[in-house]
Amino acid sequence: MAGVAALGFTIALEVAARRYGLPGPLTNQAKEVVFAPASGPLLYASMALMMVVLTWRQRLVAAGAAIGIDTAFLLVRWVFDAGVSEGHSFGNGALWVILGCAVIAVTRRTGRERVLLLKGVGLGLLLVAGRKTGDTWLLVTSKTRPEVLDPYVAIADHALGSPSWLAGRMVAATGPVGEHVLDWIYAQLAVAAVVVALYQLRNVAAERRFPGHHLVRTFLVIGLLGPAVYMIYPVVGPVFTYGTGAFGTGGEQWAMADLWPHTPPPVSAPHPWTYDDVTPRNCMPSLHTAWATVIFIHSRRAPRVLRFAGTFWLIATLGATLGFGYHYGMDILAGVVFAVTIEAALRTFDRGWDRSGIKLVAYGAVVFAALLASARYLPVEMAARPWVFGPLLVLAMASVVYGYVRTTRLWEPESAAPARQPEPRLELA
């Protein structure tokens, strides 16, 4: 049922994209079998996920085949002088290996081995499909939501001290080195998720089964549900890619003013603002923040190096989302609540929807809705009383995080008590 629903959803997005004269997720993915892929690292990360079901010998063969195919593609492009203008010059080989394993599963495997290999292939393809469907979702938001709510969120952000403007000046002060590092971290978030997921799925090949809950599940559900909120709450952000945005340079014909990052917008009665039909309305909530949050959560049970990496990736992602002007502070708070609520819902689903889990999910959903509603209907009041509403907003987010930690700790099995040593006693010789 899940597979049929995912396929139907992808086909619906393909049809929606075609209505606007653009290729959809299925077409874009099919092109990458031959043409330069949009993200080579993502395809190799997807292949790595698929290989958790293979033995070490099979993994070496698969990796060697992918590299060999990419080398052949590179030579053909060089011979025919077909340079890569967009995307990456590698990654086709990884996709070919994933599709080849699907063929092997159908033609050369039977029973549980076929199912396990198909699950691995499906896991890898889901990560790729999530990227393609996300791109199409963004296209749909730009075409169907001409008015954006940036004036409301920007004014509400005064209650938080306009953190995007502050972080923007801080990132600019780090110079090109800091900007390039943050930009790379921001762009390779999916690869970081795969590293943590590979640790969680490290025993699949030996046990011949997947664990009940892992990072990829939450990662994909966030990517599926997040764009639906974009349709309800369209926001483009202070500055989008290449300098366009509600308050950035490069899009003066659409921007309300060139204010970011030095001058926060003045507090006045907000109203919806008509924007272009190209820029995605992908700010509320910040899905990069949501994904970095679940990476942090799932890395807590990993070795120390992965725990440090998860913490670093979360902090750096927050710095990039705010420092590059991609998001407002309200987007960050909403993204954390969104991620924790979905993680709680998936864990509650695995437990059978017990009372504690239902209460936690319901509370997270209410707080998330309250954050969006307050930014929409109370922005001027929030900006006028920052010392009241600022702490309340942060406490609302923190309460959801605290509720998640407190509830999930009760779900964990109690550690076995140490065996009690028998007391010495005297015996007759």
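Each peptide in 227-236, 379-388 gets a packing score, the mean of other Cβ atoms within 10 Å over its residues, and the list from highest to lowest is 227-236, 379-388. Annotation for residue 301 and residue 349: the two label points, set 7 Å from Cα along the Cα-Cβ direction, are 1.8 nm apart.
Take every Cα-Cα pair in the range 36-92 and report what % of them are more than 13 Å apart. Write down the numbers at each step before the final one.
Details: 992 of 1596 pairs.
The answer is 62 percent, as a whole percent.
Show me the ranking of peptides 107-113, 180-186, 326-332 by mean Cβ neighbours inside 10 Å, starting with the highest.
326-332, 180-186, 107-113
Taking the empirical scaling 2.2 N^0.38 Å for compact globular proteins as reference, the range 40-137 has a Cα radius of gyration ratio of 1.16.
Comparing mean-square fluctuations of 33, 61, 15 from a GNM of the chain with C-alpha springs under 10 Å, the top value falls on 61.
Student exercise: in the chain, how many lysine pairs 8 or more apart or on different chains have Cα atoms under 24 Å apart? Don't skip to the end; give the middle numbers.
Values: 31/119; 31/132; 31/143; 119/132; 132/143.
Here the count comes out as 5.
Full extension of the chain between residue 12 and residue 99 yields a length gain of 29.0 nm, computed as 0.36 nm times the residue separation minus the alpha carbon distance. Expressed in units of 2.2 N^0.38 Å, where N is the residue count, the Cα radius of gyration of the chain is 1.09. A 1.4 Å probe run over the protein chains yields, for the chain, 52 Å² of accessible area per residue, whole-number rounding. May I ask you to give the percent of accessible area on the chain that is carbon plus sulfur, with a probe radius of 1.4 Å? Of the solvent-accessible surface of the chain, carbon and sulfur hold 67 percent.
Only helices at least 18 Å long along their own axis, judged from Cα atoms, and with Kyte-Doolittle mean hydropathy of -1.0 or greater: name those in the chain from DSSP H. List each step's numbers first, then the result.
Details: long enough: 2-19 (26 Å, 1.12); 56-79 (34 Å, 0.88); 92-108 (23 Å, 1.57); 111-144 (46 Å, 0.40); 163-187 (21 Å, 0.40); 215-232 (26 Å, 1.91); 304-323 (28 Å, 1.09); 329-351 (34 Å, 0.97); 355-377 (32 Å, 1.05); 386-411 (37 Å, 0.96).
Correct list, ordered by number: 2-19, 56-79, 92-108, 111-144, 163-187, 215-232, 304-323, 329-351, 355-377, 386-411.
Residues whose amide H comes within less than 5 Å of that of residue 148, counting only those at least five positions distant or on another chain, are 273, 274, 275 (H built at 1.01 Å from N in the peptide plane). Once backbone amide H atoms are built at 1.01 Å from N, residue 284 has 235 as its partners under 5 Å, excluding neighbours fewer than 5 places away on the same chain.
The values are calculated or read from the model by the stated rules, or taken from the named source; none is laboratory data. Everything quoted here is computed from the prediction, not taken from an experiment. Glycine gets a Cβ as well: all are built from the backbone with ideal geometry, and neighbour counts include every protein chain shown. Only protein heavy atoms, including side chains, enter the accessible area calculation; ligands, DNA and RNA are left aside. Shrake-Rupley method; radii C 1.70, N 1.55, O 1.52, S 1.80 Å.
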